[in-house]
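Structure record follows, encoded as structure tokens.
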2 protein chains.
Amino acid sequence: MARGFDDTEYRSRVARAQTLMAERGFAALLLSTEPEVRYFTGFLTRFWESPTRPWFVVVPAAGDPIAVIPSIGAPVMARTWLSDIRTWRSPDLSDDGVSLLADCLKEVAGKGTVAVPMGHETHLRMPLADFARLGGMIGPTMLAPDDGLMRSLRMVKSEAEIDKIRLACTIAGRAFSRVPEIAKVGEPLDRVFRRFQMLCLDEGADWVPYLAGGAGPAGYADVISPASSRPLEKGDILMLDTGLVYDGYFCDFDRNFAIETASAKARDAHHKLIEATAAGVEAAKVGATASDVFHAMDRILTGGAGGSDAGRYGHGLGMQLTEWPSLIPDDHTVLTDGMVLTIEPGIEIEGGFGLVHEENIVVRSDRPERLSPFADPELKVI
Amino acid sequence: MARGFDDTEYRSRVARAQTLMAERGFAALLLSTEPEVRYFTGFLTRFWESPTRPWFVVVPAAGDPIAVIPSIGAPVMARTWLSDIRTWRSPDLSDDGVSLLADCLKEVAGKGTVAVPMGHETHLRMPLADFARLGGMIGPTMLAPDDGLMRSLRMVKSEAEIDKIRLACTIAGRAFSRVPEIAKVGEPLDRVFRRFQMLCLDEGADWVPYLAGGAGPAGYADVISPASSRPLEKGDILMLDTGLVYDGYFCDFDRNFAIETASAKARDAHHKLIEATAAGVEAAKVGATASDVFHAMDRILTGGAGGSDAGRYGHGLGMQLTEWPSLIPDDHTVLTDGMVLTIEPGIEIEGGFGLVHEENIVVRSDRPERLSPFADPELKVI
């Protein structure tokens, strides 16, 4: 697969954004996080791992986006489709891009509204003091919430984006099929984690930003722990949940494995998770809501009790490991063609321990398309 | 090495924080980012990769910190030394922890000042709209900048922290020594990147959040690019720069390799980088400033012209890939025992292409201690 996207992909994103901006009366959109900047530019680097420098993209009401970035990023940004790239030598302790950005916003937006993502699942990636200073420079009434604009854009994926997520899923599927090479009785869990990441890379992942999991005789108490050094034991249920990246797009799904033998309880729990997954997929139709998908799974998992402390049964997926919407009772987002979702039911076996299962799909006008290679109902014994 | 830290480490951090809070008249400290939360709690998870849920720690003027977190994190937080853990089921689209946090702050801080990191190299990791709502709930005058408090705490590392960084450096050093296994003529750079990450994991890294680099006959034009699929050629200079993590602490250094043969220009450039590194290390004395270290290197690299567009010749290092201070002319931070720094000189060979070298040290009362296994002056040919 070719890296990146054609310029037409970015132009289409900008056009969609500008249509929504016109509806809302926004003069410009100000973006500061990695996925927001990359969404309109294609600027792809792992350098965001460094929290030191702020990076900005300004989308005007008409015309191409403008990058306002540290000079260290100029060579990479120059390889994108953008032509208006404004740089300063960062870090600058007295003015780290703030006045350069203010000048750009005044030029582009005049006295109009500059929209900034401020809602659920968004952050501002610049120091708060600098944001306050920016507001003072351009007039404090100009910076306003984007009213969910970026959410509604990014929640629906293009076919080109879906192709990348599908490939990330394929790579992870190959890595999962090789887990018998690395997991057996006596193998410490942290070593399994390290070696699973190696398998993901060996199968073609660019990098492995996320790996979680657990192992125990009745499953695991949570799904966000780092690995302990406890060796795997006969009868353990091992779960690995990975978000690996290919060309800037994530997969996010897991697999459960029984070590040498599986208890009846564990097998039954796995069956029920697969059943709930199927119900969730079946419910993920165009026109249904995120809440509908939640309830379809919850009826099977808890008899309709309303979920668990994990909080949700799945979520959006794309340039980030988790995105909008959330599969929870109160999320009434209407599903449309091109939304990529994880379907992630969980079930308790005993005493707070249990299993979680996860698959990735894309909502389609007819029936959902599977992106991850769906697991068998039978818990795999290795 | 044992994972995590003794409770005494966290109690000492809290005591230092509370001393600074008393000096500044703060009633509480409000923290929201991964390193800030972990600094006081030991809460370690890769789940921060998911941007969906906010997480908070409140440090009162006296007494232990309080965690205000999504219930999905309760089992992991319960394994830390904290006893006051308050949870809500997140994501909650109508109130994602805001009122729970407001209640906690009102209880802890009364009408006093709640300090929030707002300065250089900090972010707020919660939606801006929720931060505004929080301000309204607890009284808008109460949320104030932390006046560099977290910066001054985290910039000086404990011996227990330095032990972890040293081990991360050792692991990366072993991986770099195996680069001849994976880099040769005809090998595409992106495959070298994938396989280098596998080497880091094989040598004991928990994960590899950061890898950058480049390759070309006169070096590389920037140090933040993802890998291309261009095969290595005879005479290329290959650079790999990794920030791998062991138990939550980073290393950050690079190595240059000449593929089969090295030009005189490349060898000379590498010599000069090693000379500049030595000068930087020599200058990194207790009582000197970050600026002094910059100038010691810049005299060798540019004859004192004031650096390059990369912006700096090194930085702090610890729970994040890059931390305060910056080795730039305007950073007058006074170096003290226990500050961990990267020494990172760069030099142009021709037409915007050149080399960068990087090592990791800790400032000591006598002379700096090397944390990374320092490279030889001779550019390594493989």
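Quick one: which residues, 5+ away or cross-chain, put their amide H under 5 Å from the amide H of A:TRP88? H built at 1.01 Å from N.
The list, which skips near neighbours in sequence, is A:ILE69, A:SER71.
What number of lysine-lysine pairs in chain A show an alpha-carbon separation below 20 angstrom, given a sequence spacing of 8 or more or placement on distinct chains?
So the count works out to 7.
In whole Hz, with x marking every Gly and Pro, tabulate ³J(HN,Hα) for the range B:187-204 from phi via Karplus 6.51 cos²θ - 1.76 cosθ + 1.60, θ = phi - 60°.
7, x, 4, 5, 6, 4, 4, 4, 6, 5, 4, 4, 4, 4, 5, 4, 7, x
Select from A:GLU348, A:GLU23, A:GLU233 the residue whose mean-square fluctuation is largest in a Gaussian network model of chain A (Cα-Cα springs shorter than 10 Å).
Highest fluctuation of the listed residues: A:GLU23.
May I ask you to report, in nm to one decimal and beginning with the shortest, the distances from A:SER99 to the same position in the other copies, taking label points 7 Å along Cα-to-Cβ?
Its label point is 4.6 nm from the equivalent points in the other copies.
Let me spell out the model: positive unit charges on the Cβ of Lys and Arg, negative unit charges on the Cβ of Asp and Glu, origin at the Cα centre of the range A:303-359. What dipole size does that give, in debye rounded to 20?
60
How far, in nm to one decimal, is A:GLY351 from itself in the other copies if the label point is set 7 angstrom along Cα toward Cβ? Shortest first, please.
In ascending order, 6.8 nm.
Only counting other Cβ atoms within 10 Å, I'd like B:LYS234, A:LYS380 sorted with the fewest neighbours first.
So the ranking, lowest neighbour count to highest, is B:LYS234, A:LYS380.
Taking amide H positions as placed 1.01 Å from N in the peptide plane, with prolines and chain starts having none, which residues 5 or more places from A:SER225, or on another chain, fall under 5 Å of its amide H?
A:GLY213
In chain A, which residue puts its Cβ closest to the axis that turns chain A onto chain B, and how many whole Å away is it?
A:MET198, 2
Could you work out how far the C-alpha centroid of the range B:39-78 sits from that of the range B:234-251, in angstrom?
29
Counting pairs of alpha carbon atoms under 8 Å apart in space and at least six apart in sequence, what relative contact order in percent does the range A:268-335 give?
After rounding, I find 35 percent.
Which of the listed residues, A:PHE193, A:LEU100, A:LEU143, is farthest toward the dipole's positive end in the range A:89-242, when Lys, Arg count +1 and Asp, Glu count -1 at the beta-carbon?
It is A:PHE193.
A:ARG133 label points, 7 Å along Cα→Cβ, one per copy: pairwise distances from this copy to the rest in nm, shortest first?
3.0
Using amide H atoms built 1.01 Å from N in the peptide plane, name the residues 5+ places from B:MET126, or on other chains, whose amide H lies under 5 Å from its own.
A:LEU124
Average partner chain C-beta neighbours within 10 Å, per residue of A:34-45?
Details: counts 1, 1, 0, 0, 0, 0, 0, 0, 0, 0, 2, 6.
Going residue by residue through A:34-45 and averaging, the value is 1.
Mind checking the dipole of the range A:7-154: about its Cα centre, +1 per Lys or Arg Cβ, -1 per Asp or Glu Cβ, Debye to the nearest 20?
Its charge dipole is roughly 140 debye.
Tell me, what ³J(HN,Hα) does each residue in the range A:40-46 have, in order and in whole Hz, if you take phi through Karplus 6.51 cos²θ - 1.76 cosθ + 1.60 with θ = phi - 60° and put x for Gly and Pro?
9, 10, x, 5, 10, 7, 7
Residue by residue through the range A:59-73, what is 3J(HN,Hα) from phi via Karplus (6.51 cos²θ - 1.76 cosθ + 1.60, θ = phi - 60°)? Round to whole Hz and write x for glycine and proline.
Taking θ as phi minus 60°, the curve returns 9, x, 5, 9, x, 7, x, 10, 9, 10, 9, x, 4, 4, x Hz for the range A:59-73.
Would you mind working out the magnitude of the charge dipole of the protein assembly as shown relative to its Cα centre, with +1 at each Lys and Arg C-beta and -1 at each Asp and Glu C-beta, to the nearest 20 Debye?
Rounded to the nearest 20 debye, it is 120 debye.
Using a Gaussian network model on chain A with a 10 Å cutoff between Cα atoms, which of A:VAL356, A:VAL208, A:VAL293 fluctuates the most?
Top of the fluctuation ranking is A:VAL208.
Can you give the relative contact order of chain A as a percent, counting alpha carbon pairs under 8 Å and 6+ residues apart?
Details: 796 pairs, mean separation 51.8, N = 382.
Normalised by residue count, the contact order of chain A is 14 percent.
Per DSSP helix of 4 or more residues, -39500 (n - 2.57); summed, then divided by the residues of chain B. What does that give at 222 nm, rounded to the nearest 500?
-10500 deg cm²/dmol
Of B:ALA15, B:GLY25, B:GLY311, which is farthest towards the positive pole of chain B's charge dipole, taken about the Cα centre with +1 and -1 on the beta-carbons of Lys, Arg and Asp, Glu respectively?
Going by the charge dipole, the pick is B:ALA15.
Hey, got the average number of other protein chain Cβ atoms within 10 angstrom for residues in B:105-118?
Mean number of neighbouring Cβ atoms from other chains: 1.
Taking the Cα centroid of the range A:168-214 and of the range B:296-317, what is the distance between the two, rounded to the nearest whole Å?
40
How large is the Rg to Rh ratio of the protein assembly as shown when both quantities use alpha carbon positions and Rh follows Kirkwood?
Ratio of gyration radius to Kirkwood radius for the protein assembly as shown: 0.94.
Bear in mind that the values in this text are calculations on the coordinates, not laboratory data. If you're wondering where the values come from, they're calculated on a predicted model, not measured in any experiment. Backbone-built Cβ (ideal geometry, glycine too); neighbour counts: all protein chains shown.
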